1. Arranged from highest to lowest average of other beta-carbon atoms within 10 Å per residue, in what order do the peptides 326-338, 104-116 appear?
2. Quick one: what are the phi-derived ³J(HN,Hα) couplings along region 319-325, Karplus 6.51/-1.76/1.60 with θ = phi - 60°, whole Hz, x for glycine and proline?
3. Which trypsin sites (Lys or Arg not before Pro) in region 586-655 sit in a loop by DSSP (not H, G, I, E or B) and have at most 16 other Cβ atoms within 10 Å of their own Cβ?
4. Applying a 10 Å radius around every beta-carbon, put 198-210, 399-411, 145-157 in order of their mean neighbour count, most first.
5. Calculate the length of the line joining the C-alpha centroid of region 46-94 to that of region 203-252, in whole Å.
6. Among Lys526/Lys669; Lys74/Lys208; Lys339/Lys458; Lys66/Lys526; Lys311/Lys516, which pairs are too far apart, with a Cα-Cα distance over 29 Å?
7. For region 97-209, rounded, prolate or oblate, judged on the Cα gyration tensor with a ≥ b ≥ c (square roots of eigenvalues), a/c < 1.5 rounded, else prolate if a/b > b/c?
8. With charges set only on the Cβ (+1 for Lys and Arg, -1 for Asp and Glu), what does the dipole of region 610-695 come to about its Cα centre, in debye to the nearest 20?
Amino acid sequence: MSFIKSPILNTTSVKRLRTTGILLGRSVLGRSKKFRRNLFPARGTYVLDTISFFSLILFIFTIGIKTDLNLAKKPGKRALIIGIAGSVLPFVLSSSVIVALRPLFPSDLRNGTILFGLATRFSLSSFPVIADALGELRLLNSELGRTVLSAALVTDIISWVLFVALITYGLIMDARSPAWVIATGASFALLVLFVVFVARPATKWVAKRTPPGEMLDEGPFVWLLLTALALGLLTEIMGYRSLLGPVMLGLVLPGGMPVGVTMTERVDSFLALFLPSYIALAGFRTDFSMLNSLEAWGTLELVVILCFVGKLVGCIAASLYLKMPLRDAITVGLMTNIKGIIEISVINDWGDREVVTVEHYSIMTLSLMCITAVTVPLIKLLYNPSVRYVSRKRRTIQHAKPDGELCMLACIHNQDQVAGVLDLLESSHATRDSPISLTVLHLSELVGQAASVLRPHKRSHRSSANPSTSDHIVNAFRYFEQQQSSPGAVSVHPFVAISPYSSMYNDVCSLALDRKVHVILLPFHKQSDGRSETASHAFRSLNRSVLDFAPCSVAILVDQSLPSGTTCARTNCLIQRVAVYFLGGPDDHEALAYASRIAANDSIYLTVIRIVLRTNSTNAEPDEEALQDERLLEEFRDRHGGNDRVMYIEKAVEDGEGTAAVVAEMSNKYDLLIVGRRNGYESSPLTSGLSEWSEFPELGIIGDMLAVAHYERMVSIMVVQQQQLDRVAGEGGGDGGGGGGVAGARRGQVGGMVANILNPNNKQQEEVKDVLIHRQT
C-alpha cells in the first residue's frame, strides 16, 4: 500500500485509511456488536491506540528535526503576506460570525469554546501536512510550493507560540496559589533550558563525531527517541499537549545528515506499521448514526466553510496584491487549505478529553475528508509548474553570438562526474573575448529534511580537514577557474539543490531560466570504471524530465574517459580528437555550433562527419530544412576554412544500415563524439529501422548506438538537443521513442542489419566525397 512507502502520510493515504476506519467502525460494519467484539476487543483496541499514539509522537519529533528554521528566519515578503492574510482573515471572519450568531447555536456548542477552537485550527496551515502533500504532488520545489511552505512554517511557529502562551495563561489563572504559578513557570523554563542548552549541544557534538556519510550509532539514536517520549510525558503532566515537547526538541536539533537521515531511515519502519493505525482508529471512532441534530451539523459546517472560504479569499487577495496571476493565486489558496494528520490529532485530542461529543467528532472528521477530496484534485487541475519553462526566447548555442559569452549549467550528482565536465570545458576554448559563464549545480536527494533547498553554495562550517561533498565539487571548479591562462575566461557560479528526484527537474529548469543559460549539461545515468558499471534510474528519470521541460538546449555527457575515483581537480585535458556526426535537423545544428567553439582550440583536431542519403534523382528540389543544413555547413566551412586542424568528411548511405556502418567504422578514432539527439527524426531514412533496438531513447538513435558500443579506446559521447520552442509542456522528447517506428515488415530485417554492422567483412561500401577542408597529418 502507498502509505507503507513513507512515514509521512500523504493526503491520498490519509483519505484511504480514514475511509477504511469508517467502514470498520460503528457507521458500517461495526454496527454489529459481535463484529466489534471479535475484531476489535476493548483490550486490543486500547493497546493499539497507545502504540499508535506513541508513533504520532515520534512522527511529530521527526518532522521537527526535518524542519529547516532558516525558512522562518527569512521567509520573504511574499510568504509573510500570504501567511498572515491566509490566517487572520478566516479567523476574524469565523469568530465574528460565531459571536454574532451564538444565541442561535445549540446549547452544547453555545456554552463551550469548541467553536473558537475549531475556527483557530482550521484558520491555520500545518507545515508538515502541506510539505507532505506537495511532495506527493511533486510540487515541493516549485515556485508556489516554496512560497506556501515558507508561509505555512511561519504561521505554524506563531500558532505554537500562541498555544503555549494561552495554555500558560490558563494554568496561571487556574493556579491554587502563587507557589503553583511559580512552579508552573519554572518547570516550563527548565524544559526550554534543557532542550536548548543540553539536548541540542549534545546532539551536535555527537553529529560532529559521526564520520561523513554515516548515520548515528545506536546509542545516540535510542537516547534521542527516549528523550522525545520523556518530553512528551512531561509536557502532558505540566498541562500542555504531549506533542509540544517532541516538537520543541525536534526543532532545535540539526536536520539532514546525520541526525535527520538517521531518524528517517530507522524510524520509518515503525511509523509505517503503527502510524496508519492512528488514522484508521480516527475513522473507527466516527459514528454517522449519531448525526441526529441538524442544528449541530449546520453550526459546525458553517464554521468549517467560513474558515475554508476565508482562507481561500485571503490568500487570493494577498497573491493578487503581490502581482501573481489569478490561477496561481487560487492554487495558493487551495494549498494552504490542505488538511491532514495534524488536524486529525487535534480532533482526537478533543475527543479523548471529551471536549466534543461523538456527533461533533463525526462531523469534523467528515469535514476533513471533504476538504481533502476538494483541494488536492483542484491543485492538480490548476497548477502545472513546467508551463513557466516554455520559453519563446532563443536560448541555444547556435543562436548565441559565436564569439560572445556562453552560459552553461552543469549538473553534478557526485565527485566522479566532475572530471569529464572539466575535460569538456577545457576543450571548449574559453577566452576573455569568448568566455564561459558556468553555473554548477550540485544535486542531492532530499532525505532527513521536510523542505527542498535551492540556494547558492556556501562553504560548510565543518573544519577544512573534513569538507562536505559540495565543497569538494565546488573547489574543483574554482581551481579550474583560477588555472585559466586568460583571466575572466571562465566564471563559476556554484549552487546546491536538495529535493526529491521525482521533481528535481524543477530546480534544474528554474535555475536555467533565471541564469539565462544556453545549454544544460547533464551526466549520463550510467557510470563505468572499466571493470564494473553502475546505473541510477533516478538520474535517468531526471534527465528525461529535463529534456522534456528545459527552457534552453540540453546536452547529456556520457563520460567514458576516466575510471571512477580519479581526482576531479585535474586540468590537463585528455580530449585531443573530436568528431561531430551531422545528419541534419535542429539538434545536429546545435551539435555543430558547439563543435565550432571547440574548433578554436589549438590543441584539438576536429572532424565533421556528414552523413547524407544517396539518391538516384538529380532533379529533386531540396526542401527548406536541407537548405538550412547546407547554409550552416557553409558558414562553418567559411569560418574554419583556414584551420588545418579541422576536417570535413561527407559519406553517402542508402539507409539506416549504412549509417550504422559508418558510425561503427569511424567512432573508434576519437576521444569525444558530439551528436544531435534528433528528437522527432526517428523515421528519417538515414536512421530507419535503428530505433527498433534502442536501449536509451533519451540519447537518440545515434547517441544510443555510440553509448552501448565497445571501443578499443575510451570514447566519451555528448548528445545535444536544441531548445524546443514549439513544444507543449509535458510533452516532448522524454523517452525519444515517439514518431519513429518502422513498418512491421522491416522488423524482421533488424537481426540481419545488426549482423552486417558487427561483421567488418560484410561492410557496406559508402561513397566518400573528397570535400575536405584540411586533411589530418
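1. Details: 326-338: 22.6, 104-116: 14.8.
Most protected by this proxy first, the peptides run 326-338, 104-116.
2. Karplus-based 3J(HN,Hα) across region 319-325 equals 5, 5, 4, 8, 6, 8, x Hz.
3. Details: sites: Arg597, Arg610, Arg614, Arg631, Arg637, Arg639, Arg645, Lys651; in loops: Arg614, Arg645.
Hits after loop and neighbour filter: Arg614.
4. On the way: 198-210: 14.8, 399-411: 18.6, 145-157: 25.3.
Going by the mean number of other Cβ atoms within 10 Å, highest first, we get 145-157, 399-411, 198-210.
5. 18
6. On the way: Lys526/Lys669 23 Å; Lys74/Lys208 26 Å; Lys339/Lys458 35 Å; Lys66/Lys526 31 Å; Lys311/Lys516 36 Å.
The answer is Lys339/Lys458; Lys66/Lys526; Lys311/Lys516.
7. Numbers: a/c = 3.74, a/b = 1.09, b/c = 3.43.
Verdict is oblate for region 97-209.
8. Details: 10 positive and 19 negative charges, 77 e Å.
So the dipole magnitude of region 610-695 works out to roughly 360 debye.
Read the figures in this text as sums done on the coordinates, not as results from a lab. Owing to the predicted nature of the structure, the values given are computational and were not obtained by experimental measurement. Every residue, glycine among them, receives a Cβ derived from its backbone with ideal geometry; neighbour counts consider all protein chains shown.
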